[in-house]
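Novice: One structure coming up, written as C-alpha cells, with questions to follow.
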Amino acid sequence: MLKIFEDLGYKKQTCSKCGHEFYSQIERETCGDAPCDEYEFISNPATDKPYDLYEIQNTFRDFLKKEGHEPINRYPILAKRWRDDVFLVGASIFCFQPWITSGICEPPANPLEIEQPSIRLNDVDNVGRTGRHMTCFTMGSHTVINKPDNFIYWEDETIRLCHEFFKSIGIDTHEITFIKSWWKGGGNEGPCYEVCVRGVELATLVFMQYKTLENGDKEEIPIKVVDTGYGLERIAWISQGTPTAYDACFAPVINKLKEITGVKLNEDILARNAQIAGMMDIEDIGDIKVLRQKVADSLGITLEELVEATEPMEAIYIIADHTRCLAFMLADGIIPSNVKEGYLARLVLRRTIRFMKDLDMKESLSDVMKIQLGFLNKFYPEINESQDHIMNIINLEEERYGKTIEKGKKTVKRTIKRLKKEGINSMPLETLIDLYDAQGMPPETVEELASGDKDFEVNVPDNFFTIVADMHEEDTVSKKETFDIDAPETDLLFYEDFYQKECDAKIIDVIEKDDDICLILNQTVFYPEGGGQPSDVGIISIEGKIYEIEYASKVNDIVLHQIKFNDDEKEDVLETLQSAIGSNVHCAINWNRRMTLARHHTGTHIVIASARKILGNHIWQAGAQKGLTRARIDLSHYKRISQEEIDEIEKLANEIVMQNIDLDINWFSRDDAEKKYGFKLYQGGVVPGSKIRVVRIPGIDVQACAGTHLTRTGQVGPIKINKTERVQDGVERIDFSAGLAAVDSIQEDNKILRESSGIFKVTNDQLPKTCDRFFSEWKAQKNEIEKLQKEIANLKVSTLSNNILEINGLKVLKEIIDSNIKELQKIATDFTDNGEADIVFIGNNEGKIVGTASQTAIDNGIQVNSIIKEAAGVLGGGGGGRPTLAQGAGPNTDKMSEALDLAIDLLNE
C-alpha cells in the first residue's frame with residue numbers, strides 16, 4: 001500500500017460485489033462506485049455549498065495554483081490541429097500527445113492545470129436519458145511530465161492533491177474511495193485510481209508509464225506522466241444534488257427552453273431515472289428501453305406513462321447539451337460536412353433539430369443557439385468573438401437540412417420499393433446507416449415515411465447515432481513508406497541560401513528503389529518533393545558525364561536523386577555510378593522551375609492569409625499543390641466563395657505582393673514555435689520532429705513550412721485567381737497563378753475575350769450585353785421550337801389513331817414515324833395513358849424504338865421491356881426499361897420494319 005494512503009488514514013479493502021481493490025478511511029463493504037453503490041447525492045448534496053460549473057472550474061484552478069501548478073488556457077477541441085490520429089479532444093491528455101508525452105517537446109508548464117472541454121460521441125444516444133451522459137464535458141486536470149532529470153511528483157502527491165481538493169470543497173473524506181484500476185489510451189497506458197463519492201466517479205488519476213505496442217504488449221517509457229481527469233460537471237452535480245447533471249451545469253439554458261416549450265419537469269421521475277441509470281452500464285446496453293422499464297417498475301407506473309412524462313424533458317436536455325457541444329465545435333474551426341470532423345458536427349447539429357421538431361418548437365435552431373451562446377460567452381470570450389461565424393453556419397445548415405429531407409424522401413421510397421421487390425420486409429441496419437451517411441436522412445424520418453406501409457417496417461436501434469459516430473470518430477492514418485538506408489543525413493543547402501543554383505558534392509551511395517537508380521550525396525541544392533511542392537530537377541556532372549535528375553525525394557533525412565535513363569541502359573548506368581561512389585560531382589538545378597514553384601509556394605501563403613482576412617478566422621488549409629502554370633489551395637469554408645469575395649481576396653493578395661515585405665524564415669524548437677505562434681503554424685498539416693522551420697510574412701501570415709520560399713513578397717509577381725470550386729462538402733478550392741504564370745493566364749483570358757468579341761463583331765465592353773441578347777433570343781426560339789414540336793406530335797397522334805389494330809383482344813399500334821426519341825416516348829405514352837391503345841410499338845429511321853403498355857396489357861401478361869429488348873436486337877443493338885415504358889436502339893436503321901414486325905409476332909406467342 002502507498003505511504004500516502006497510510007498517512008491520510010485510508011485502508012486497503014476489497015469490494016464484496018465487484019471484487020476490486022479500493023482504499024477508504026472507513027470500513028465498508030462496497031467500493032463506492034455504481035453499480036456497487038447507488039447515487040446518494042440527489043436531493044442530498046455532497047459538498048458544503050452548491051457550485052455551478054463555472055464556479056467549480058475557478059475553484060479547481062485556484063486550488064491547484066496555490067499548490068504550485070501553472071494554469072494554462074484550454075486547447076481547441078479540434079485535435080487534428082496538432083495530431084493526425086483523432087479528430088476531437090476526448091480528454092485533457094489528448095492535448096499533450098504525442099509530442100509532449102514522448103519528450104519531443106516541453107510542456108507549456110510543469111506541473112500544469114487545465115480545464116479542457118472534451119467531446120465524446122461514443123454514447124451520444126444516452127445523452128439526456130441517463131442524467132449524466134454528455135457529448136461535451138469539462139475535464140479538469142493537474143498534469144505532470146516527469147523526466148529522468150526532472151522528476152516532480154508521482155502517486156503520493158497526486159493522491160494527496162485529490163484528497164485535499166475534495167476536502168476543500170466540503171466533501172466528507174470518509175465518503176471518498178480510491179479504486180485501483182488500469183488505464184489505456186492514445187498509445188500509452190498505466191495504473192490508475194478511480195475516485196468515487198456517493199456512487200459516482202468524480203476523477204481518475206492515471207500514472208502513464210508504458211507505451212502500448214501494435215501487438216498489444218507494452219514497454220516502459222522514460223517519461224512518466226501524471227494524467228488526472230476530474231469530471232467538473234459531475235462535481236457541480238453532486239454539489240447541488242439536482243435530479244440530473246444537466247440541471248446543475250446549464251440550468252439557465254434549460255430554464256429558458258422550458259419557458260419556450262412549456263415542458264414541465266418531474267423531479268421525482270428524473271431523479272429516480274438518474275439513480276437507476278447510475279446502477280447500469282449503459283454504454284454496453286444499446287436498448288435504452290431496459291433502463292426505462294426498470295424506472296417505470298420502481299415508480300409503479302407503466303412504460304408508456306414514463307415515456308410520456310420523460311421524453312419532452314429528455315429532448316430539452318439533449319438540445320441544451322448538443323448546442324453547447326456545437327458552440328465549441330464551430331468556434332474552434334470545425335465546418336459541418338459529410339466527412340471527418342465535419343461529419344460529427346453535422347450529426348450533432350441535425351440531432352438537435354430533430355429533438356426540436358419532437359417538441360414542436362416554432363423557434364429556429366439559431367434562436368436556440370443564441371440562448372446557449374449567451375450562457376457560454378461569459379466564461380469563454382473566444383466563443384463570443386466567433387458568434388457571427390457560428391450563427392452564419394447554423395442558419396445555412398438549418399436551411400440545407402430542410403432541403404436534404406425533401407430531396408431524400410424520394411430516395412427512401414425508392415429504397416423501400418427495391419427492398420420489397422427483393423423480398424425484404426424490414427430495413428437492414430446497413431441500409432439505414434447508408435441513407436443517413438449518403439443522403440442525410442435521419443432514421444426517425446425514414447421510420448415515419450415507412451409507417452404507412454403495412455408490409456414493411458423500419459426498426460431504429462436506440463444506439464443508432466452511437467454506431468455511426470463510432471464509425472467516424474478516428475482518422476485513418478496511412479502508414480508511411482519505410483525504406484531502410486544506411487547513410488548520413490543530407491546537408492540541405494537550399495535552406496542556407498535559396499538563390500544557390502549549383503553546388504559541388506560527394507557521392508555517398510548509389511541505391512535502387514522501385515526500379516529507379518538514386519544517388520545519395522553528402523549535400524545538395526535539389527529540393528525533394530514535400531508539402532505539396534514538386535521537387536527540383538536538373539543535372540549532375542560525374543567525371544565529365546552529364547546525368548539528368550528527374551526527381552528528388554527524401555527518406556528520413558536523406559535526399560534521393562533519381563537518375564533518368566533508358567530501360568536498356570539501366571545495368572550500365574548502375575555499374576558506372578556505383579564505381580563512382582566517393583567521387584566529387586557538380587550539381588545544377590533548373591532555376592526557372594525553382595523560381596516558378598517558389599513563387600507559387602510563397603503565393604499560397606499570401607492567398608490563404610488574404611482568404612482568412614476576407615472570409616473569416618475559421619479559414620484553415622485543407623490541402624495544397626504547387627505547379628508550374630498554376631497552384632491550388634483547399635480551404636475549410638461552409639459555403640461557396642462569391643465572385644465579390646474572390647475579387648477582394650485577389651486584390652488583397654496583390655497588395656501584399658506590392659508591399660514587398662521581407663520574409664522571416666527561421667528554425668525553432670517545436671515548443672518555442674508553438675508558444676510564440678500557436679497551432680496556426682500547422683496550416684499545411686502536422687509537421688514531424690522537435691525542430692520546425694517557421695516561414696513568417698510579418699503582420700500577414702506564419703506557418704511551419706519546409707518548402708522553398710522567396711525572400712520578399714514582391715518577388716512573387718502578380719497573383720491571379722483563375723477559378724474556385726467545391727471539392728467536397730465544407731472545402732473550397734482556390735486555383736491561382738503567380739508571376740509569369742499569372743501573366744500567361746491573363747493573356748489567355750484576353751485572347752478568349754478578343755476571339756469571342758470578334759465572333760459577335762462587337763467591342764469587349766459590349767460582349768456581355770450581346771451574349772445576353774443572343775442567349776435570350778436562342779431561348780425564346782428554343783421554346784417556340786418545342787411548342788411547334790408538341791403541336792406536330794399531336795397532329796401525328798390524331799392521324800395514327802386510324803392505324804390501331806386488335807390483337808388477342810388488345811388495341812395495338814405499330815408505326816414508323818419521323819420523330820426524335822422524346823417525341824416517340826410522348827406519342828406512345830399518350831396513347832396508352834389516354835386509353836386509346838393498350839400496346840404501342842413505334843420507331844424512327846434513326847434506329848430508335850419505343851414500346852408502351854397499359855395496365856390492361858400488363859394484367860394480360862404483356863412485358864414490353866422484354867419485347868423491345870428482342871426487337872432492338874434486330875437493329876443490332878439493345879434495349880429495356882419498365883413494364884409500362886421501354887426503349888431501344890441499334891445501328892441497323894434499315895431493319896426498323898423488321899424489328900416492329902418481330903414485336904407484333906412476340907405478342908402472339
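Novice: Can you spot the aspartates and glutamates whose alpha carbon is less than 13 Å from LYS409's alpha carbon? Ignore those fewer than 8 places along the same chain.
Specialist: Excluding near neighbours in sequence, the set is GLU444, GLU447, GLU448.
Novice: If you take Cα extents along the principal axes in Å from the coordinates, which of (i) 108, 65, 53; (ii) 108, 94, 57; (iii) 118, 68, 54 do you get?
Specialist: (ii)
Novice: Now for a different question. ILE517's amide H: which non-local residues (gap 5+, or another chain) put their own amide H closer than 5 Å, with H modeled 1.01 Å from N in plane and none for Pro or chain starts?
Specialist: Hits under the 5 Å cutoff: ILE563.
Novice: Accessible area of the chain with a 1.4 Å probe: how many percent of it is carbon plus sulfur?
Specialist: 46
Novice: Rank these by accessible area, largest first, 1.4 Å probe: ASP367, ASP48.
Specialist: Greatest to least solvent exposure: ASP48, ASP367.
Novice: Given the chain, what percent of its DSSP beta bridges are antiparallel, to the nearest 5?
Specialist: In the chain, approximately 90 percent of DSSP beta bridges are antiparallel ones.
Novice: On to the next question. Using a 1.4 Å probe on the protein heavy atoms only, what accessible surface does ILE260 show? Give it in Å² to the nearest 10.
Specialist: 60
Novice: Which of rounded, prolate or oblate describes region 566-722 when judged by the alpha-carbon gyration tensor and an a/c cut-off of 1.5?
Specialist: On the way: a/c = 2.19, a/b = 1.70, b/c = 1.29.
Because a/c hits 1.5 or more and a/b exceeds b/c, region 566-722 counts as prolate.
Novice: If you count only protein heavy atoms and use a 1.4 Å probe, how large is the accessible surface of TRP154, to the nearest 10 Å²?
Specialist: Estimated to the nearest 10 Å², TRP154 gives 50 Å².
Novice: Continuing with the same structure: Tell me the net charge near ASP901. Cut-off is 14 Å between Cβ atoms, ASP901 excluded, with +1 for each Lys or Arg and -1 for each Asp or Glu.
Specialist: Its environment carries a net charge of -4.
Novice: Then there's this: Anything over 29 Å Cα to Cα? Flag those among LYS410/LYS826; LYS675/LYS723; LYS218/LYS554, in the order listed.
Specialist: Distance filter (> 29 Å) returns LYS675/LYS723; LYS218/LYS554.
Novice: Let me ask something else. Compute, for GLU644, the solvent-accessible surface of its heavy atoms (probe 1.4 Å) with the complete set of protein chains present, and express it in square angstrom to the nearest 10.
Specialist: Looks like 120 Å² after rounding.
Novice: Quick one: check the C-alpha center-to-center distance for region 708-750 versus region 137-190, whole angstrom.
Specialist: 53
Novice: Right, next: Among all helices in the chain defined by DSSP H, which have a length of 27 Å or more along the axis from Cα atoms plus a Kyte-Doolittle mean of at least 0.5?
Specialist: Passing helices, by number: 303-331.
Novice: Another question, then. If the chain between GLN863 and ASN660 were fully stretched, how many nm would it gain, using 0.36 nm times the residue separation less the Cα-Cα distance? Working shown, then result.
Specialist: Numbers: separation 203, 0.36 × 203 = 73.08 nm, distance 7.52 nm.
Once the chain is fully extended between GLN863 and ASN660, it gains 65.6 nm.
Novice: Measuring from centroid to centroid over Cα atoms, what is the spacing of region 328-386 and region 206-266 in Å?
Specialist: First find each Cα centre; the distance between them is then 20 Å.
Novice: Related question: So what's the net charge close to LYS420: Lys and Arg +1, Asp and Glu -1, counting the other residues with Cβ under 12 Å from its Cβ?
Specialist: Local charge sum for LYS420: +2.
Novice: Skip the ligands, DNA and RNA, and give the accessible area per residue of the chain with a 1.4 Å probe, whole Å².
Specialist: Accessible area per residue, the chain: 45 Å².
Novice: Moving on to the next point. In what sequence, largest accessible area first, do HIS389, HIS20, HIS601 appear using a 1.4 Å probe?
Specialist: Output order, biggest surface exposure first: HIS20, HIS389, HIS601.
Novice: Principal axis lengths of region 388-444 from Cα atoms, whole Å, largest first?
Specialist: Largest first, region 388-444 extends 51, 18, 16 Å along its Cα principal axes.
Novice: Next question. Mind ranking ILE734, ILE804, ILE862 by accessible surface for me, highest first, 1.4 Å probe?
Specialist: Largest accessible area first, the residues go ILE804, ILE862, ILE734.
Novice: Additional query: Just how far, in whole angstrom, is region 48-125 from region 503-568 if you go by their alpha carbon centroids?
Specialist: What the calculation gives is 45 Å, centre to centre.
Novice: Looking at this model, which pairs from LYS147/LYS680; LYS80/LYS407; LYS421/LYS869; LYS811/LYS869; LYS720/LYS751; LYS258/LYS454 are more than 26 angstrom apart at the alpha-carbon?
Specialist: Pairs exceeding 26 Å: LYS147/LYS680; LYS80/LYS407; LYS258/LYS454.
Novice: Moving to a separate point now. For region 643-718, what proportion of DSSP beta bridges, expressed in % and rounded to the nearest 5, is antiparallel?
Specialist: Here the share of antiparallel DSSP bridges comes out near 100 percent.
The values are calculated or read from the model by the stated rules, or taken from the named source; none is laboratory data. Note that the structure is a prediction, hence the values are computed from the model and not measured. When we count neighbours, we look across all protein chains shown, and the Cβ atoms used for this are built from the backbone with ideal geometry, even at glycine. Just the protein is used for accessible areas: all its heavy atoms, side chains included, with ligands, DNA and RNA removed. Shrake-Rupley method; radii C 1.70, N 1.55, O 1.52, S 1.80 Å.
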